[in-house]
Amino acid sequence: MKSIYLIKYGKASEAFETRETPMPEPKENEVRIKVEVFGLNFADVMARRGLYQDCPPLPCVLGYEVVGRIEAVGSQVKTLIVGDRVAAFTHFGGYSEYVVMDERGASKITEDMPAVFAAALITQYCTAYFASMKATTVFEGENVLVHAAAGGLGTALVQMLTLRKAVIFGTCSSDEKVEYLRTIGVHHPINYKTSDYREEIKKILGERKIDVIFDSLGGKYIRDGVSMMGPCGRIVCLGGSELLSTANPVIRIWKMLQFGFYHPGLLMMVSKAIIGVNMLKVAENKPEVLFSVLNELIALEKKGLIKHCAGKEYPVAQLAEAHAALENRGTIGKVVVRW
């Protein structure tokens with residue numbers, strides 16, 4: 001079978017190599033999946049740039065989620081059978097034609113579920129659900145800011161916040177994305193490249209403050225976010241894409257310092273919270289939580305409470321182009337690659 005290896009850090013056009021690898025055989029509690037599509041995430045971009053500390057040593061195969069069909073099962077597998085179509089969390093290794101994994105990491109999906117949405121369920125929607133329903137609770141009527149709201153994670157967060165009946169503010173990088181945000185339910189979309197999002201929010205809220213912020217950018221956005229929140233405010237940190245804006249290590253260190261320094265006592269005095277969410281760590285340490293969240297999301301989809309997301313599908317020959325588009329914020333919704 002074919003697997004796509006990350007062989008060196010740097011440009012997407014130079015970082016990957018397709019190799020022939022042995023077909024994996026499932027153990028007694030494992031399944032083998034013939035991959036239909038694998039998903040791309042911003043963590044993949046950070047790994048390619050050498051900025052993701054959880055990335056395995058090179059050469060390695062990236063990929064957190066796949067959508068495909070069960071081709072073989074181990075002797076003790078009880079929940080899945082050959083032929084089932086599944087969405088699965090792979091914890092690296094997803095850029096392959098076939099993957100083998102514990103049966104608990106795969107959930108059966110319908111034949112008509114779009115592959116883009118199924119892949120997004122595994123990472124973006126699980127992250128959004130965990131962040132907004134478990135790590136903190138968003139209450140009806142709260143003012144909530146979502147950074148990078150037009151991306152895969154942002155789209156999923158908007159849907160979760162719509163369920164919570166929050167007032168949603170969303171930042172994005174183009175007027176095209178502003179229109180997209182309006183269609184998915186963002187009450188106040190803001191193009192941060194043409195206006196200061198902080199000033200725009202002040203105009204709308206007046207003396208009121210933001211209650212919750214979901215931040216996948218990091219750097220100065222965390223510090224700014226803490227100052228924008230009122231008492232009982234929560235900021236949920238979901239990533240650090242701002243660190244990719246420069247290759248200069250000195251400037252990158254400066255951007256790290258821009259996160260700010262916060263003493264628990266001071267946060268307690270103003271009743272503000274800074275929460276970190278890393279779903280890879282959740283999957284590693286509490287897989288039952290991840291699988292519970294995934295199954296709850298599938299149930300919501302069956303009830304029609306969450307909608308299929310926008311996205312873009314690339315053929316495997318255009319993996320480098322897909323990486324570059326994601327890195328340069330040129331995508332809307334989820335990005336997947338099809339074998």
Counting only residues 5 or more places away or on other chains, whose amide H sits under 5 Å from the amide H of Val37 once H atoms are built in the peptide plane? Val67
Length added when fully stretched, Lys134-Arg338, from 0.36 nm per residue minus Cα-Cα: 70.2 nm
Assuming 0.36 nm per residue, please report the length gained on full extension of the stretch Asn285 to Cys232 beyond their Cα-Cα distance. 16.2 nm
Pairs beyond 22 Å (Cα-Cα), from Lys27/Lys78; Lys108/Lys307; Lys27/Lys108: none
Eligible aspartates and glutamates near Lys193 by straight Cα distance, threshold 16 Å, same-chain separation 8 or greater: Asp175, Glu176, Glu179, Glu242
Listed highest first by mean packing, meaning other Cβ atoms within 10 Å per residue, what order do 21-31, 146-156 come in? 146-156, 21-31
Partner aspartates and glutamates for Lys272 [C-alpha distance under 16 Å; skip if fewer than 8 residues away on the same chain]: Glu142, Asp211, Asp215, Asp224
Please calculate how many Å² of accessible area the chain carries per residue, with a 1.4 Å probe and no DNA, RNA or ligand atoms counted. 45 Å²
With a sphere of radius 14 Å drawn around the Cβ of Thr21, what net charge do the other residues whose Cβ falls strictly inside it have (Lys, Arg +1; Asp, Glu -1)? -1
Subtracting the Cα-Cα distance of Leu51 and Thr110 from 0.36 nm times their residue separation yields 17.6 nm
Starting from the Cα of Thr21, step 7 Å toward the Cβ, then list every residue of region 31-65 with an amide N under 11 Å from that point. 59-63
Return the sequence-ordered ³J(HN,Hα) values of region 265-276 in whole Hz as given by the Karplus equation 6.51 cos²θ - 1.76 cosθ + 1.60 applied to θ = phi - 60°, using x for Gly and Pro. x, 5, 5, 5, 4, 9, 6, 10, 10, 10, 10, x
At 7 Å along the Cα-to-beta-carbon direction for both Leu58 and Ile7, put a label point, then send me their distance in nm to one decimal. 1.1 nm
So what is the relative contact order of the chain, in percent, for Cα pairs below 8 Å that sit 6 or more residues apart? 18 percent
Would you mind checking which residues have amide H under 5 Å from Gly333's amide H? H placed 1.01 Å from N; only 5 or more apart, or other chain. Gly151, Gly152
Taking every other residue with Cβ under 15 Å from the Cβ of Val158 and scoring Lys and Arg +1, Asp and Glu -1, one gets +3
In the chain, what % of DSSP beta bridges are antiparallel (nearest 5)? 55 percent
Tell me the volume per residue, in Å³, of the convex hull enclosing the alpha carbons of the chain. 133 Å³
Of the DSSP H helices in the chain, those whose Cα atoms cover at least 15 Å axially and whose Kyte score averages -1.0 or more: 152-163, 287-302
Efficiency of FRET from Cβ geometry, Leu266 and Ala324, R₀ 45 Å, rounded to 0.05: 0.65
Could you check how much of the accessible area of the chain is carbon and sulfur, as a whole percent, using a 1.4 Å probe? 55 percent
Rank-order 308-314, 220-226 by packing density, defined as the average count of other C-beta atoms within 10 Å over each peptide's residues, highest first. 220-226, 308-314
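The values are calculated or read from the model by the stated rules, or taken from the named source; none is laboratory data. Given the structure is predicted, the values throughout are model-derived calculations rather than measurements. No Cβ is skipped: glycine too gets one built from the backbone with ideal geometry, and neighbour counts run over all protein chains shown. Areas reflect the complete protein model, heavy atoms only, side chains present, ligands, DNA and RNA absent. Shrake-Rupley method; radii C 1.70, N 1.55, O 1.52, S 1.80 Å.
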